[in-house]
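The values are calculated or read from the model by the stated rules, or taken from the named source; none is laboratory data. As the structure is a computational prediction, the values presented were derived from the model and not from experiment. No Cβ is skipped: glycine too gets one built from the backbone with ideal geometry, and neighbour counts run over all protein chains shown.
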Amino acid sequence: MLNGRKSLVTLIATLLAAAVGFVAMMPSGTAEAKPSIKDVQHRVDRLYHAAEQASERYNAIHVQLDQMRGDVSGLRADQARQEKRTEKARRVVADSIVQQYEGDSLSAVGQAVVASDPSDFVSQLTTMSAFNSMQAGQYSSYLTESKALSIRQTATQNQLDKVAALEKQAAEDKATVDKNLAAAKKLLGNMRAKARERMLIASRSSTTVPTGSPISAASVPASGRAAAAVRYAMAQVGKAYVYGAAGPSAFDCSGLTMAAWGAAGVGLPHSSSAQYGSGTHISASQLQPGDLVFYYSPISHVGMYIGNGMIVNAENPSSGVRVTGLYSMPYVGAVRPG
């Protein structure tokens, strides 16, 4: 019995020693383990998507800025016209005072007449004893014009403040694009050349259109403007993806669709979210070649439907412009331009 117990203890000790040796031979932690190609691909894709989201926000901001700068120009022109009307009314009031008090002491009147600020002028007028004899209509007209000018000045400044805030946001989004793109490039650069090439090949799925592929613009059943847009988009397959680009040698997602429909004579904004509001919304069952299809929430990617459950799109910096499946990304909706 004793020998049996001793043998059991010896066996357990041996097993424990073996287990300790096995653990010692294992990697000290997952942090030291080299990531697989699949893991790196996933991380790179997430960085590309984050960069694209920021890039499309940047594009949308610039669409807004173009509109707002036009509004500012209109407001400034309106303000300039109002300044002329206000100054004209001011002179009428000033001339009335001078005529009424000609020959008298004009110290107080002179201060009012030369006042450069309309509000100061009005304030001084209301304290003058001579005001009661001045024509009420002239003063009322000036006061109305002065208030109108103040409203326009405030509106102009508010618009300028909004422009400044959007320009700041655009700069932040551009920095986010650069940061995420640099991080993705670093991940790719840290991989061995062979592994990196395998990952890039894997990222370009069999749906990519190579030279001589039976999938071509001519095989897409489209007509009219849609056909022209599809022809342009399909002709860009294989070109590079560059954030903010709209051709001719590189594109981002909304830059490709904007250029394609632009070639068909239809103007679109350079923003996926703005393009989502630029046409007739249709269901997936109604899709026809040339329709725009949108992805992610909030919308940050757009492609062009070419039929048979396929789209052409500027995908990301690894893949460039290529053909892929309609549901290869989180689908949101579709729009028919024109």
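Looking across segment 236-256 at every residue that is more than 19 Å from Gln64 (Cα to Cα) and either β-branched (Val, Ile, Thr) or assigned to a helix (DSSP H, G or I) (or both), the one that is modelled with the lowest pLDDT is identified as Val242.
Name every residue in segment 236-258 that is over 15 Å from the mean Cα position of the chain (by Cα) and at positive phi, in order of residue number. Those that are over 15 Å from the mean Cα position of the chain (by Cα) and at positive phi: Gly238, Gly247. Going by the structure shown, is Ile306 buried (at least 22 other Cβ atoms within 10 Å of the Cβ) and among the hydrophobic types (A, V, I, L, M, F, W, C)? Here the answer is yes, as Ile306 does meet what is asked. If you go through segment 144-177 and keep only what is free of Cβ contacts under 8 Å to residues at least 12 places away in the same chain and closer than 18 Å to Pro317 by Cα, you end up with just Ala175. Of Pro269, Pro317, all but one fail to be outside the structural domain of Ala182 (by TED's automatic domain parsing), farther than 20 Å from Tyr48 by Cα and part of a loop (DSSP other than H, G, I, E, B); the exception is Pro269.
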